[in-house]
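One structure is given here, and the rest of the page talks about it.
The values are calculated or read from the model by the stated rules, or taken from the named source; none is laboratory data. All of these numbers come straight from a predicted model, not from anything done at the bench. Cβ placement follows ideal geometry from the backbone for every residue including glycine, while neighbour counts extend to all protein chains displayed.
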Amino acid sequence: MLVLAKTVMAMMLGFASSIVLGLVVIPVLRKLHIGQSVSKTINERHLKKNGTPTMGGLIFIGATLASLVFLYFRGSIEISHNLIILVFVFLAYALLGFADDWLKVKYKNNKGLSISTKFLIQMLIALVFFYIFMRNGGSSTLEFTFLNLEIPLGWTFGLFILLVLVGSSNAINITDGLDGLAAGLSAIAYLAFGIIAWNTGWMEGYQEVAIFSFILVGALLGFLVFNSHPAKVFMGDLGSLSLGAALATISILTRHEFSLVLIGGVFVVETLSSLFQIIAIKKFNKKILKKAPLHHHFEELGWPETDIIKLFWTVGLLLSMLAITYGVWL
């Protein structure tokens, strides 16, 4: 019962903090004219969203961090090296996304940071992650529990960390194309990993990692009050990159890296749909979808935006339930 009470309280704290921050941040973003520049190549229905405040990730990021600080000074949580890694990655990717968003707003286009600059910064973040992780007794062995197989990676585990961080952050970034789509799917994913984290008692700071997850679930639900259709604010790269990177971090810390593929199944499909579309156009000069990623394909078929979002949320929830069943119960 204590675990359940902590879970509910963490979500309530995140939700309340997010609502308060949303009421403060959104008017400030409007006043500073920090608005989204919508590409004309996107479905015409999106053109009316041009100028909608962006960088709304500040809401759930700020709510999560404020809640953690509050709980720490209350003596409800402790600082562990795993929590330090998680918060570091969360903040570092938020700053990377902020820089990207700021350049897009400043020059009123969708270019942002160059790919090489982004990759260099992400390499540095992965290096710090790897250093703290290994210095505090982390294992560089990749485990396939369903195959009873272990693969020692040694220093190349750092490259694996980089791959998972980059892949997950970009996957959520690609999915963030409809009102509330990425935020809702992320809330479901963090709920799943929060439950998994509670059951990794062998991991130092497992309780804090779980509480972080549940606070963020609540904060994302609060953010959805403003981000659901019709959206009053977008999360921006600031939000999507930090969400993806932190989710990847939790999967690595809990040694459930392959559960991430299932829990984030919708993110994976969205990313692959974009990748296959690019390959098909460049190699065969043909499209496999009317428009990529997949959610835009459904839009081109005439589906209402809200119906697409509900379908994707439902699939994400079902995949997360399967992952929890495997990761916790079986």
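Structural remarks
- Taken over segment 88-121, residues that are touching a helix residue (DSSP H, G or I) at 6+ places or on another chain (Cβ under 7 Å), crowded, with 18+ Cβ neighbours inside 10 Å and touching a residue at least 40 places away in the same chain (Cβ under 8 Å) amount to 11.
- Subset of segment 134-160 [small (Gly, Ala, Ser) and at negative phi]: GLY138, SER139, SER140, GLY158
- Against the test of being among the aliphatic types (A, V, I, L, M), at pLDDT 95 or above and touching a Lys or Arg at 6+ places or on another chain (Cβ under 9 Å), the options ALA171, ALA210, ALA182, ALA189 yield a single qualifying residue, ALA210.
- The residue that is modelled with the lowest pLDDT, among those in segment 132-159 that are surrounded by fewer than 10 Cβ atoms within 10 Å (Cβ to Cβ) and in a loop (DSSP other than H, G, I, E, B), is ASN148.
- When residues of segment 236-280 are limited to those that are among the aromatic types (Phe, Trp, Tyr) and surrounded by fewer than 24 Cβ atoms within 10 Å (Cβ to Cβ), the one modelled with the highest pLDDT: PHE276
- Taking the numbered list (1) modelled with pLDDT of 95 or more; (2) over 23 Å from GLY244 (Cα atoms) in turn, VAL3 passes all entries but (1).
Every residue, every condition in (1) assigned to a helix (DSSP H, G or I); (2) over 25 Å from PHE129 (Cα atoms); (3) in contact with a helix residue (DSSP H, G or I) (Cβ under 7 Å, 6 or more places away or on another chain); (4) not charged (D, E, K, R), yes or no:
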site	(1), (2), (3), (4)
SER17	yes, yes, yes, yes
SER37	no, yes, yes, yes
LYS48	yes, yes, no, no
LEU58	yes, no, yes, yes
THR64	yes, no, yes, yes
TYR72	yes, no, no, yes
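- The number of residues in segment 244-290 being without any contact (Cβ under 8 Å) to a residue 12 or more places away in the chain and aromatic (Phe, Trp, Tyr) comes to 1.
- Of all the listed residues (ALA66, ALA99), the sole one being under 22 Å from ILE161 (Cβ atoms) and within 19 Å of the chain's Cα centre (by Cα) is ALA99.
- Total residues in segment 189-207, condition surrounded by fewer than 24 Cβ atoms within 10 Å (Cβ to Cβ) and assigned to a helix (DSSP H, G or I): 6
Quick grid of which residues meet (1) of a type outside the set (Asp, Glu); (2) closer than 23 Å to VAL268 by Cα; (3) in contact with a Gly (Cβ under 6 Å, 6 or more places away or on another chain):
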position	(1), (2), (3)
LEU83	yes, no, yes
LEU86	yes, yes, no
PHE90	yes, yes, no
LEU96	yes, yes, no
ALA99	yes, no, no
LYS106	yes, no, no
PHE146	yes, yes, no
GLY158	yes, yes, no
ASN170	yes, yes, no
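- Close contacts from segment 291-318, counting a first residue that is modelled with pLDDT of 95 or more and buried (at least 18 other Cβ atoms within 10 Å of the Cβ) and a second that is part of a loop (DSSP other than H, G, I, E, B) and hydroxyl-bearing (Ser, Thr, Tyr), with Cβ to Cβ under 9 Å and a gap of 6+ residues or different chains, come to ILE309/SER228.
- Checklist (1) under 24 Å from LYS6 (Cα atoms); (2) part of a helix (DSSP H, G or I); (3) not polar (S, T, N, Q) applied to GLU78, failing item: (2)
- Test result for LEU124, surrounded by fewer than 17 Cβ atoms within 10 Å (Cβ to Cβ), closer than 13 Å to ILE252 by Cβ and out of contact with any Asp or Glu (no Cβ under 6 Å at 6 or more places or on another chain): no
- Of residues in segment 216-272 being within 11 Å of the chain's Cα centre (by Cα) and polar (S, T, N, Q), the one farthest from ILE34 (Cα to Cα): THR249
- Filter result (surrounded by fewer than 22 Cβ atoms within 10 Å (Cβ to Cβ) and under 30 Å from TRP102 (Cα atoms)) within segment 55-82: GLY62, LEU65, ALA66, VAL69, PHE70
- Just so you know, in segment 25-69 the residues that are closer than 30 Å to THR7 by Cα and hydroxyl-bearing (Ser, Thr, Tyr) include one that is modelled with the lowest pLDDT, and it is THR54.
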